Amino acid sequence: MKKDIAEKWIKALKSGDYEQGKYALRSVDDRFCCLGVLCDLYQKETGEGSWKTGIKGQNYLYVYEGQNHFLPSGVCDWAGIENENGHYYKSGSGSSLTDQNDSGCSFNAIAKIIEEVVDRL
């Protein structure tokens with residue numbers, strides 16, 4: 001993970017500018033998962049990528065560069081993230097930021113996890 005981008009992501013997660021949602025990068029009621037916040041930062045920083053409305057089952061949601069749950073490869077490359085679901089290791093066990101977000105972990109708690117990962121770099 002690139003430290004400068006991680007710091008911007010942490011700041012965005014803590015800012016209160018994004019309402020947290022689950023199970024999608026971004027929902028049509030403008031709720032974001034933690035990875036959706038990173039996609040939004042990517043778009044704002046690079047001018048690349050776009051949000052488009054899509055349908056999954058009976059639910060409307062936003063799709064970012066063809067993805068609705070995981071990070072597109074361009075965002076992974078830009079942020080220096082090795083996998084599409086934000087997998088990380090902590091205290092000998094592995095988890096993903098997607099799992100943390102969807103299980104109810106707050107953006108502040110997720111920001112702390114990212115800080116811990118960056119501190120190990």
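What follows draws every value from the coordinates through simple rules; no lab data is involved. Fair warning: this is a prediction, and the values are worked out from it, not measured in the lab.
Only one of the values (1) 22, 16, 13; (2) 28, 21, 12; (3) 33, 21, 10 was calculated from this structure for semi-axes √(5λ) of the Cα gyration tensor in Å; name its label. Computed from these coordinates, semi-axes √(5λ) of the Cα gyration tensor in Å corresponds to label (1).
Relative to the current alpha-carbon distance between Asp99 and Gln43, full extension at 0.36 nm per residue lengthens the span by 17.8 nm.
If each DSSP helix of 4+ residues adds -39,500 (n - 2.57) and the sum is divided by the residues in the chain, what number results at 222 nm, nearest 500 deg cm²/dmol?
The per-residue figure over the chain is -13000 deg cm²/dmol.
Based on C-alpha pairs under 8 angstrom that are at least 6 apart in sequence, the chain has a relative contact order of 29 percent.
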